[in-house]
Amino acid sequence: MEPAAAAAAGQLDVDKLTYEIFSILESKFLFGYDDPKLVFSGGDEPQGAVKGTPARGPAVVERGKVCVLSIDGGGRAADGLLAGAALVSLEASLRRRTGDETARLADFFDVAAGSGAGGVLAAMLVARGGDGRPMFSAEDALAFLMRSLRRGWSGGGGGGAAGGIRALFRRPGAAFRKVFGDLTLRDTVRPVLVPCYDLASAGPFLFSRADAVETAAYDFRLRDVCAATCAGSDGSASAVEVRSSDGATRIAAVGGGLALGNPTAAAITHVLNNKREFPLAAGVEDLLVISIGSGECDNRPTGGAAASTSEIVRIAAEGVADMVDQAVAMAFGHNRTNNYIRIQAMGSPRASRGGMRCGGGGDGAGWGVAEEMLSQKNVESVLFRGKKLAEQTNAEKLEWFAHELVKERDRRRTAGALAPAVVKQQPSESAPATAAAADGHTPPPTSYSNLVSQMFTTIL
């Protein structure tokens, strides 16, 4: 081999090794687990194994993948239009592929996470009805968003944005009350994660079913969870105060879009560190993740135009969401093309002409904007290289992911298991309620607050 060719081949090997090393490090520090390749590399014996014990070979039965749904969102209903339309399209594809017209998205996902309007969608998709089935379809959830474009989350017509927010502060989420009634985090068919920012503890708070089943002190009503993650949607309102169902925990919440607009990393961290519900999820290779964005803002101020406070907040939130996407993609490494996809669009010219970010102006206009963003080329965020348009549209990526979900469901049925790598967690009636602090506020559960803080430190 010529010296130049040998040098080029050597450089390729070095580049590949460097990429693998950084992917492993990203996984370790972002999600808090040790990559098994570090331990079981080559033909060496596992660390801690008895000398002379044969090394474990590859598993004969393929292990199932934990299917994760993550939905971005700001506090406004319009911020969930892309996600709502994507979920309707995905559910329709799943029904078509399975021949089951009653199929719901919650039948195919093992955990759902959402922030802001995305949190509302996630909560609706996993809320349990009286028959034990998911209460709402994706179409129902999108229809609720469409109605909220005109009336806002407060559920009352008129009054302006400030009036609606004041109503939201006095009685969190009147519209949410009509949708969820007295359902709590425990009343869900799948684990759900919804973030907000707690002003009392000055840190992110993650509403989690895993915490709710451990103690009633962290079991919040779904209507209050949605009100908390959507609080301050216009940037001019104070916090929404919500309490756990037993009154032991009090949160002074502002929206999840400000604290954790892209909850994908938090959802993955939850799965990989929650061995009670996901005992066999050892790494990103055991996950199948879809992350749905809210549509990038395409009507930002240009030239010498001054940006408003709300615009600056949105730009910052979009930047953080992109950073999470980049970090997650790096952590998946070579599994990215098979185990992780991101649905994102560059906004809509129709929305810009109507003075909207990514929707609004009534049901018809909102649906048109959502369909337009689905038909766009998928937007990918490349680390240190900005954004690029993928070859596939968002709709085409959703079709591919529907195929993967059906394939995973069929694999589980063939294996004779309802949900491999997933264990249903029951509420712990004997778990003592965590005592509230002297001022009535209780900090988030230690396990998940530490995980979220670790993620923020890593990314930001």
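Each peptide in 407-415, 102-110 gets a packing score, the mean of other Cβ atoms within 10 Å over its residues, and the list from highest to lowest is 102-110, 407-415. The packing ranking of peptides 93-101, 188-196, 79-87, highest mean first, is 79-87, 188-196, 93-101, where packing means the average number of other beta carbon atoms within 10 angstrom of each residue. Distance in nm between label sites at T309 and R128, each 7 Å beyond Cα in the beta-carbon direction? Going by the 7 Å Cα→Cβ label model, 4.3 nm. On the basis of the beta-carbon distance and an R0 of 22 Å, N338 and R413 show a calculated FRET efficiency of 0.60. Residues whose amide H comes within less than 5 Å of that of L193, counting only those at least five positions distant or on another chain, are A112, A113, G114 (H built at 1.01 Å from N in the peptide plane). The phi-based Karplus calculation (6.51 cos²θ - 1.76 cosθ + 1.60; θ = phi - 60°) puts the 3J(HN,Hα) values of the stretch 184-192 at 10, 4, 5, 8, 10, 7, 9, x, 9 Hz, whole numbers, x for Gly and Pro.
On the basis of the beta-carbon distance and an R0 of 56 Å, L199 and R96 show a calculated FRET efficiency of 0.80.
Each reported figure results from applying straightforward, stated rules to the coordinates on display, with no laboratory input. Please read these numbers as outputs of a predicted model, since none were measured by experiment. In this analysis, Cβ positions are derived from the backbone assuming ideal geometry, glycine residues included, and neighbour counts consider all displayed protein chains.
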